[in-house]
Amino acid sequence: MHRLFTAAAAFAALAMAAGAATAQDFRAFARQDLQAAHDELRANHPAAVVGGAAAQTFNGWIDAGLADAMAKVAQVNSGDSHAYLMRYYARGFRDSNIAMTPSFEGLSPYFAIQWPGFTTGWRGGKYVVTYIKPGVRGTPPLGAVLVDCGGKTAEQMAQDKLDRWEGDLTSEAGRINTAPFLLWNRNNPFTTGTPGACNFQVGGRGRSREFRLTPQPPVIADLEAAYRSTVYQPGPTPLGIETVNGRPWLHVHSFADTAGWDAFNAAVQAQGPALRNGFVLDLRGARGQSYTSTARGYGLANRIWTPEFTVSRQPAAGEITYRATPGNRAWYAATLGRMQADPRFVQESAPVIEETQAIVAAFDAALASGQRSFTLAGRPATPDTGAANPIAGPVVVLVDSGCSGGCLDTLDLLTRLPNVKLAGSVTATDSIFIEQTTMRLPSNYSDLSYGHKAWTSRQRANNTPFTPTGPLAYTGNPADEAAVRAWVATLMQ
């Protein structure tokens, strides 16, 4: 997503261009953008030409969801409410690869106009108090379980206030990442604000107790502390290496091209001898949506284990189904042009360029013959080359709910390598509709992105996360870094 300017600047630009921005302007923008997103998805999304549950979910929402969202347009009164309604429609597809995001700097996780001075987290299938601002009195204690507020159960509140608006509650990662907002007023006109009183279960047994919720000033630093105490948030440096408990700890908290990969990859290669005895690869919070994200992850694995060792362990690509439309063909042609214009990509990923050339040719053939779709066989599995494993020691790959996009593709490889332990907590999910098309919507305030090809033969099923199990599942406070590191140390033995 291109973040062109702040929300305030965006609104000022609109006012200069069209006079005072009124609520009716944003309603008109919302109608335009919803319809445009619907039409683009209807014209080009591959769900129209493949079967299965993922396609059924898409086809069941595209029209019904549009009608649902259009019925709410009258409540749009600002740029932020416009963004909320766009997210509502996009997330209704239950497909993390479909998104409608503001083109300006939208609300951060640390925003609210009102909050009760404490926050909740998703722990063990319940909404639990995880943070209390120092000095605030009369709150439920840490660990108290939210039961209900104003006659609505905690689950009903979450469905009404969080699902689709803040995240997708059909995934565990969606529950984790949105839980702090349950009792905050995030200025969403489509939902309720901070309730006046709620019942909490304190301790393991007994009746619930009512607590009055006293609104607190929404100081950004307080809200950030509350969120960071509940959901792990990476620091300002996305890539880096440090020594923890005597072993290398590789930090990869982003797969973005701008994260600083040249210096990091050089540092990884310099660590070669130390890595052989075992290391931690920390992928918590690692997001990456561009077509280079998976290449970044696989490139890192190749630098550690060598391409000769990883090639036979890479998952087979299987079959990919493409919907034959001019719009999808144009995406591949433009992407091919960018690949060929990037000297580094030409040097490191020549097979990808050849594959993309073949895809463009297949689009041309399908469109010329009037086909609605075509299927291409991906790269087959490579036989074991017999190369020795250069890593003799244990490898802990640490993940959490922030691991998404290219991070999941990287795990498809890493979890096939010997001596690798997948540890931490459940990851995000992604659909079989992959590789993003991104387009600016008519209002210029929102971007639509969606997966334009269907990986129907992917070994990891649609919307299936990676879930560490048994002793590899971390059940402590994800924001307690000292505790996390102490726990990881026990896994390296």
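The values are calculated or read from the model by the stated rules, or taken from the named source; none is laboratory data. These figures come from a predicted structure and were not determined experimentally. All Cβ positions, even for glycine, are placed from backbone atoms using ideal geometry, and neighbour counts span all protein chains on display. When the accessible area is computed, the model is the full protein with side chains, heavy atoms only, and any ligands, DNA or RNA have been set aside. Shrake-Rupley method; radii C 1.70, N 1.55, O 1.52, S 1.80 Å.
Using θ = phi - 60° and the Karplus relation 6.51 cos²θ - 1.76 cosθ + 1.60, list the HN-Hα couplings for the stretch 121-128 in order, rounded to whole Hz, with x at every Gly or Pro.
Those phi angles translate into x, 8, 9, x, x, 9, 8, 10 Hz.
How would you classify the stretch 421-493 from its alpha-carbon gyration tensor, with a ≥ b ≥ c the square roots of the eigenvalues: rounded for a/c under 1.5, else prolate if a/b is greater than b/c, otherwise oblate?
Numbers: a/c = 4.40, a/b = 1.91, b/c = 2.30.
Verdict is oblate for the stretch 421-493.
Can you list residues whose amide H is under 5 Å from Tyr131's amide H, if they're 5+ apart or on another chain and H is modeled 1.01 Å from N?
Thr119
Which percent of the accessible area of the stretch 426-466 is formed by carbon and sulfur heavy atoms (probe 1.4 angstrom)? Write out the running numbers ahead of the final one.
Numbers: 690 of 1300 Å².
Exposed carbon and sulfur together represent 53 percent of the surface.
For the stretch 387-493, with only Lys/Arg (+1) and Asp/Glu (-1) charged at the beta-carbon, what is the dipole magnitude about the Cα centre, in debye rounded to 20?
On the way: 7 positive and 8 negative charges, 53 e Å.
So the magnitude is around 260 debye.
At a Förster radius of 25 Å, what calculated FRET efficiency corresponds to the Cβ-Cβ distance of Leu472 and Asn277, to the nearest 0.05?
So, using R0 = 25 Å, E works out to roughly 0.80.
Reachable aspartates and glutamates from Lys421, Cα under 15 Å, same-chain residues fewer than 8 places away excluded?
Asp282, Asp400, Asp412
Which helices of the chain meet both criteria: a Cα extent of 15 Å or more along the helical axis and a mean Kyte-Doolittle score no lower than 1.6, with helices taken as whole DSSP H segments? Write down the numbers at each step before the final one.
Numbers: long enough: 7-18 (16 Å, 2.06); 23-44 (32 Å, -0.94); 53-70 (25 Å, 0.41); 79-91 (18 Å, -0.88); 293-305 (18 Å, -0.39); 326-341 (23 Å, -0.53); 350-369 (29 Å, 0.97); 481-491 (16 Å, 0.89).
Result, helices passing both filters: 7-18.
Can you pull out the trypsin sites (Lys or Arg not before Pro) in the stretch 320-398 that DSSP calls coil and that have at most 15 other Cβ atoms within 10 Å? Present the calculation step by step, with values, prior to reporting the outcome.
Values: sites: Arg323, Arg329, Arg338, Arg344, Arg372; in loops: Arg372.
Passing both the DSSP loop test and the Cβ count: Arg372.
Among Thr170, Val202, Trp261, flag the residue with its Cα farthest along the positive direction of the charge dipole of the stretch 145-288, charges on Cβ as +1 for Lys/Arg and -1 for Asp/Glu.
Farthest along the dipole direction, towards plus: Val202.
What whole number of Å gives the distance from the Cα centroid of the stretch 324-382 to the Cα centroid of the stretch 445-493?
Computed from Cα coordinates, the inter-centre distance equals 30 Å.
So, R0 is 35 Å and r is the distance between the beta-carbons of Arg379 and Gln269; what FRET efficiency does that work out to, to 0.05?
0.85
Out of the total accessible area of the stretch 256-345 (probe 1.4 Å, heavy atoms of protein only), what percent is carbon and sulfur?
Values: 2030 of 3720 Å².
Of all accessible area on the stretch 256-345, carbon and sulfur atoms account for 55 percent.
If you count only protein heavy atoms with a 1.4 Å probe, what accessible area per residue comes out for the stretch 335-493, rounded to a whole Å²?
Details: 7000 Å² over 159 residues.
Accessible area per residue: 44 Å².
With charges only on Cβ, +1 for K and R and -1 for D and E, what is the dipole size of the stretch 179-229 about its Cα centre, in debye, rounded to 20?
Details: 6 positive and 3 negative charges, 55 e Å.
Magnitude of the dipole: close to 260 debye.
Rank these by accessible area, largest first, 1.4 Å probe: Val136, Val268. Walk me through the intermediate numbers first.
Details: Val136 25, Val268 0 Å².
Order by accessible area, largest first: Val136, Val268.
Where only protein heavy atoms count, and the probe is 1.4 Å, what is the accessible area per residue for the stretch 20-134 in Å²?
On the way: 4060 Å² over 115 residues.
That works out to 35 Å² per residue.
Over its Cα atoms, what ratio of radius of gyration to 2.2 N^0.38 Å does the stretch 242-396 give? Intermediate values should be presented prior to the final figure.
Working: Rg = 18.7 Å, N = 155, 2.2 N^0.38 = 15.0 Å.
For the stretch 242-396, the normalised Cα radius of gyration is 1.25.
Given a cut-off of under 8 Å on Cα pairs at least six residues apart, what relative contact order in percent is computed for the chain?
18
Indicate, rounded to the nearest 5 percent, the antiparallel portion of the DSSP beta bridges found entirely in the chain. Can you show the working numbers first?
Working: 43 of 59 bridges.
Of all bridge pairs located within the chain, approximately 75 percent are antiparallel.
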